[in-house]
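The values are calculated or read from the model by the stated rules, or taken from the named source; none is laboratory data. Values in this document were obtained by computation on a predicted structure and should not be read as measured data. We place every Cβ from the backbone using ideal geometry, glycine too, and count neighbours over all the protein chains shown. In case anyone asks, the SASA skips ligands and DNA or RNA and just uses the protein heavy atoms, side chains included. Shrake-Rupley method; radii C 1.70, N 1.55, O 1.52, S 1.80 Å.
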Amino acid sequence: MLAVLIGGLSMVSPFSIDTFFPAFHAMEKALHVGPWQLQQVITAYMLPFAFASLVHGPLSDAIGRRPVMIGGMALYTVGSIACTAAQNYEQLIAARVIQGLTAGVGVVIGRAVIRDLYEGPRAQKLMAATTMIFSIAPAVAPIIGGWAHVAFGWRAVFAVMVICGVAFTLAAWWKLPETHAPANRIPFNARNLVSTSWTVLRHREFLMLALAAAINFSSLACFIGSAPAIVEKHWHLDETSYWYLFLPVISGILIGAVISNRIAGRMDMVAQVRIGLGITFGISSLRVILHLIFPTLPIPLQQGLLVCAAIGAQFAFPVLTLRMLDLFPAARGTAAAAQSFVALIVTSFTLGIVAPNVLSRLDWVALASLAFASTASLCWYLSRRWHVSAARSAAVP
């Protein structure tokens, strides 16, 4: 039940990104803006999401996980109502900022709750289980968004987010336990926030692990950010067919999460990360080679490559996350927040800058994906190098 609850609360953030993709072109016309401007509706959500995530964790370390989760989801609902009622582009941007400031509580607090309750393989199993549930959102979001848009118009897409906000606020109030005891809480103030967050973010191993996880997923995010062009321009499908792109990605993530859950405690964690990153890099390289050889690739082949790349990304992710949290056992909320901050900054860059500049050609998207996968492997290599160096220094009397 806890995995279902945390997975559901974590679904809110990706759901809020992917739901309105099918209404993209209709919103351009209704709001009188171009593709690049409308792409910034995502950026207006992601950047506040990133910086607010630095507050969610420390705030939960100070006052508890439960009030932060419930309050955040309630404010998210308010932002979703404002999106639904927006009369112009500027109002929509402002409303998306409100959504972004609050949608991250599910991800940040959920990870901290898991680590409060469990350690080792049990934590890895629950992390993988919640990821399986969380991963449903990007698959169903564009499908639901497409149906809502076709039936009622683009505002209905944001009305769906209002319904989700109300439902998950009530679910958190009803079922979420408080896992951070008052005796373990850290007083919250601006100085502590800046000091603790900076301590976490400047830790070399933590930063490289966070970048490895985030950049590896960005090898998939560049396809997600290019979804309107891929689905409707390159694949020549309609606005209710976004599942052609999102279902393969989410299927791969689910398969990777299932495998990670099953092997928890049976495989060396370092080897697991290497295999995951290796799969993502290998598939990204193969995709580029195929695009160089063939003018066009069949859609099923492109979908199969997305499934395999997503398996690799998810296979590595739980281990990277647990390692980051274990570096700061006394401030796991802050560590989870810092991880989300890094991931969201990288994703904002991918969706707001990289995707708009490569989406006109599928081979460019493939090259961007390979660049991300290569950089993620480099970050992992540096994290291991610094980990071994720190271990040797600690062993010297």
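Below are the figures for this structure:
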read-out	value
Expected 222 nm ellipticity per residue - DSSP helices of 4 or more, -39500 (n - 2.57), all of the chain, to 500	-27500 deg cm²/dmol
Dipole moment magnitude, nearest 20 debye, region 162-291 about Cα centre, only Lys, Arg, Asp, Glu C-beta charged	480 debye
Within a Gaussian network of the chain (alpha carbon springs, distance under 10 Å), most fluctuating of 293, 63, 230	293
In order through region 20-30: 3J(HN,Hα) via Karplus (6.51 cos²θ - 1.76 cosθ + 1.60), integer Hz, x for Gly, Pro	8, 4, x, 8, 3, 5, 5, 5, 4, 5, 5
Per-residue SASA entry for residue 291, accessible area with 1.4 Å probe, Å² rounded to 10	30 Å²
Distance between modelled label sites at residue 178 and residue 63, nm, 7 Å Cα→Cβ extension	1.2 nm
Charge-dipole axis of the chain as Lys and Arg at +1 and Asp and Glu at -1 on Cβ define it, positive-most pick from 107, 299, 58	58
For region 1-97, size of Cβ-based charge dipole, Lys and Arg +1, Asp and Glu -1, in debye	160 debye
Gap separating the Cα centres of region 234-293 and region 85-115, nearest whole Å	27 Å
Dipole-positive endmost among 267, 143, 356 within the chain (Cβ charges, Cα centre)	267
Ordering of 218-228, 259-269, 377-387 by burial proxy (mean other Cβ atoms within 10 Å per residue, highest first)	218-228, 377-387, 259-269
Global form of the chain, assessed from the alpha-carbon gyration tensor, a/c cut-off 1.5	oblate
Accessible carbon and sulfur surface of the chain relative to its total accessible area, %, 1.4 Å	70 percent
Solvent-accessible heavy-atom area per residue, rounded to whole Å², over the chain at 1.4 Å	40 Å²
Farthest toward positive dipole pole in region 167-272 [+1 Lys/Arg, -1 Asp/Glu at C-beta], among 196, 211, 255	196
In nm, spacing of pseudo-spin labels at residue 166 and residue 199 (7 Å Cα→C-beta vector)	4.3 nm
Accessible area, probe 1.4 Å, largest first, for residues 125, 233, 29	29, 233, 125
Per-residue ³J(HN,Hα) for region 197-208, Karplus 6.51 cos²θ - 1.76 cosθ + 1.60, θ = phi - 60°, Hz, x for Gly and Pro	5, 5, 4, 5, 5, 8, 5, 4, 5, 4, 4, 5
